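Q: Let me begin by handing over the structure; questions about it come next.
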Amino acid sequence: MSSNSTHDQELSPQDQLKKDAGVRAAAEIRSGMVVGLGTGSTVRFALEEIGRRISAGELTDLVGIPSSQQTEDLALCVGIPLSNLNAHPRLDIYIDGADEIDANLDAIKGGGGALLREKVLAQNCARFIVIADESKFVKHLGAGFALPVEVLPFASGAERRFLEQLGAEVNTRTQANGDAVFTDNGNVILDCDFGAIDDPLDLAASLDGRAGVVEHGLFIALADELMLASPNGVRLLTCAVRDPQGPIA
Ligand code: 5RP
């Protein structure tokens, strides 16, 4: 994510949809809120719009809690005051993107490598809004995007074997020079292609129960709303199904 504003650049059709979703979500922010700030190219547009509203005097006394170093840098650049989860353990709202999301609002996240902090924010907010362009809306999670799994470097070989035994084709996430990507938490990411995931809850339970797996990108029953942008506008989708372990009301 570069720190240049995208305001005056010509946007691709997909980026225009990301912007539509981001701007729509930013309209939900009110003065005085504690706002969780996700990570990625869709969130970037929300951050820019929140920054614009702050500098226009529409929003005051707001604090943002960033989910990554990348987001922290951009939020500071656009003028969003920041704090942390220890000072503000409960968020009023959390805005983030997704790599895939289905009609139950279950999602795969972690394409940007920030899944651990993102999930922490998602489980400590009153309202989790996912923003996405229409390409992210899928019938079956996993069919088009490999599930990111954050693992302890100490155990990465053993976790790879475990994930392969669960049926995944596993790739260690690397930078352009071939070195492993390290997350903001000092861990590595294994991108796990399971194909279409039959039972996301069951897979999440297997991963949750495994020492060495720090976190995985299955976000089950966490999102409250999806703002889904298409050329026809931004559609608001909600899900009645709510996991008792989900966001705190
Ligand atoms: C980062 C994420 C992002 O929300 C996800 O990768 C979507 O990113 P983008 O908006 O750039 O498509 O989970 O860890």
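Q: Looking at 232, 185 in this structure, which one is within 16 Å of the ligand (Cβ to nearest atom) and over 19 Å from residue 94 (Cα atoms)?
A: Values: 232 fails: within 16 Å of the ligand (Cβ to nearest atom).
From the options 232, 185, the qualifying one is 185.
Q: Moving on. Given the conditions (1) part of a loop (DSSP other than H, G, I, E, B); (2) under 20 Å from residue 39 (Cβ atoms), which single one is not true for residue 177?
A: It fails just one condition, (2).
Q: Ok, one more. Which condition from (1) within 27 Å of residue 69 (Cβ to Cβ); (2) in a strand (DSSP E or B); (3) over 17 Å from the mean Cα position of the chain (by Cα) is the one that residue 235 breaks?
A: Unmet condition: (1).
Q: Something else: Going by what's in this entry, would residue 14 be described as within 14 Å of the ligand (Cβ to nearest atom), surrounded by fewer than 16 Cβ atoms within 10 Å (Cβ to Cβ) and closer than 20 Å to residue 114 by Cβ? Give the steps one after another, and end with the answer.
A: Numbers: within 14 Å of the ligand (Cβ to nearest atom): yes; surrounded by fewer than 16 Cβ atoms within 10 Å (Cβ to Cβ): yes; closer than 20 Å to residue 114 by Cβ: no.
No.
Q: Also: Just to verify a result, which residue in the range 201-216, among those that are under 17 Å from residue 186 (Cα atoms) and touching a Phe, Trp or Tyr at 6+ places or on another chain (Cβ under 9 Å), is nearest to the ligand (Cβ to nearest atom)? Spell out how you get there, then give the answer.
A: Start the filter on the range 201-216 by keeping residues that are under 17 Å from residue 186 (Cα atoms), which leaves 211-216.
Within this subset, residues satisfying the condition of being touching a Phe, Trp or Tyr at 6+ places or on another chain (Cβ under 9 Å) are 212-213.
Values: 212: 20, 213: 16 Å.
Among those residues, the one meeting the criterion is 213.
Rule-based calculations on the coordinates, nothing more; no lab input. Bear in mind that the values here come from a model prediction, so they are computed numbers and not experimental data. Every residue, glycine among them, receives a Cβ derived from its backbone with ideal geometry; neighbour counts consider all protein chains shown.
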